[in-house]
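The values are calculated or read from the model by the stated rules, or taken from the named source; none is laboratory data. Computed from a predicted structure; not experimentally measured. Glycine gets a Cβ as well: all are built from the backbone with ideal geometry, and neighbour counts include every protein chain shown. Side chains are part of the model used for accessible areas, which takes the heavy atoms of the whole protein and leaves out ligands, DNA and RNA. Shrake-Rupley method; radii C 1.70, N 1.55, O 1.52, S 1.80 Å.
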Amino acid sequence: MNCERLQEKMMLKFLLVSPDKEALSDLASALIEHDDVALSWAKSGEVALDMALNTDIDLIITDEGLGDMTGLVFASRLLAVNPMINCATISRLSPEKFHEESEGLGLMAQLPVHPGHEHAKSLLQRLKYIKNLTSGVNE
């Protein structure tokens with residue numbers, strides 16, 4: 001099987017974490033428009049961390065508040081569970097303050113409240129770029 005076929009068959013596994021599905025509904029709708037995206041949900045940070053232990057996940061996207069912790073606290077705890085899972089979080093912080101608060105957490109992106117189609121597209125592009133780099137597949 002050539003590299004293009006391998007790349008075509010690769011499903012990207014996303015986990016959205018929020019106690020309120022409505023908050024991420026626009027982003028979720030935009031993501032599931034893509035044939036190569038599998039989407040799962042978790043209602044809290046603890047549930048998502050448990051899933052990260054036992055499930056193959058490419059990207060976790062967290063709401064700002066998860067009910068039991070913040071998205072930034074989740075990202076910190078995810079490093080101990082599985083540092084190979086990419087993570088992005090919603091945050092109202094200024095980009096400068098977010099950078100300060102998230103430094104060392106390996107976050108892929110800061111998202112605004114109620115992210116939408118353009119954010120989904122950007123995350124998919126970044127993730128595919130990262131996966132191509134890590135899998136050794138050239139575009």
Margin query: Helix-only estimate, please: 222 nm mean residue ellipticity of the chain, summing -39500 (n - 2.57) across DSSP H runs of length 4 or more and dividing by its residues, to the nearest 500.
Written below: -13500 deg cm²/dmol
Check: Residue-wise, which Karplus ³J(HN,Hα) couplings in Hz belong to segment 34-46, taking 6.51 cos²θ - 1.76 cosθ + 1.60, θ = phi - 60°, and x for glycine or proline?
Finding: 8, 5, 9, 10, 10, 10, 10, 10, 9, 8, 8, x, 4
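Which net charge results for the neighbourhood of Asp26, defined as the other residues with beta-carbon distances under 14 angstrom from its beta-carbon, given Lys and Arg at +1 and Asp and Glu at -1?
Result for the local shell: -3.
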Next item on the list: Would you work out which of Leu31, Leu53, His99 lies farthest towards the positive end of the dipole of the chain, given +1 charges on the beta-carbon of Lys and Arg and -1 on that of Asp and Glu, about the Cα centre?
Entry: Leu53
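Nearest 20 debye, what's the magnitude of the dipole of the chain about its Cα centre given +1 on Lys and Arg Cβ and -1 on Asp and Glu Cβ? Display every interim value, and only then the final one.
Numbers: 12 positive and 21 negative charges, 51 e Å.
Its charge dipole is roughly 240 debye.
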Checklist line | Accessible carbon and sulfur surface of the chain relative to its total accessible area, %, 1.4 Å | finding: 51 percent
Checklist line | Share, in percent, of DSSP beta bridges within the chain that are antiparallel, nearest 5 | finding: 5 percent
Next item on the list: Taking P(r) over Cα pairs in 10 Å bins from 0, in percent as the quantity of interest, determine which of [x] 11, 36, 37, 15, 1; [y] 12, 44, 35, 9, 1; [z] 9, 20, 16, 15, 15, 13, 8, 3, 0 was computed from the displayed structure.
Entry: [y]
Checklist line | Euclidean distance of C-alpha centroids, segment 66-106 and segment 17-33, integer Å | finding: 18 Å
Check: Local charge sum around Ala109 (other residues, Cβ-Cβ under 13 Å, Lys/Arg +1, Asp/Glu -1)?
Finding: +1
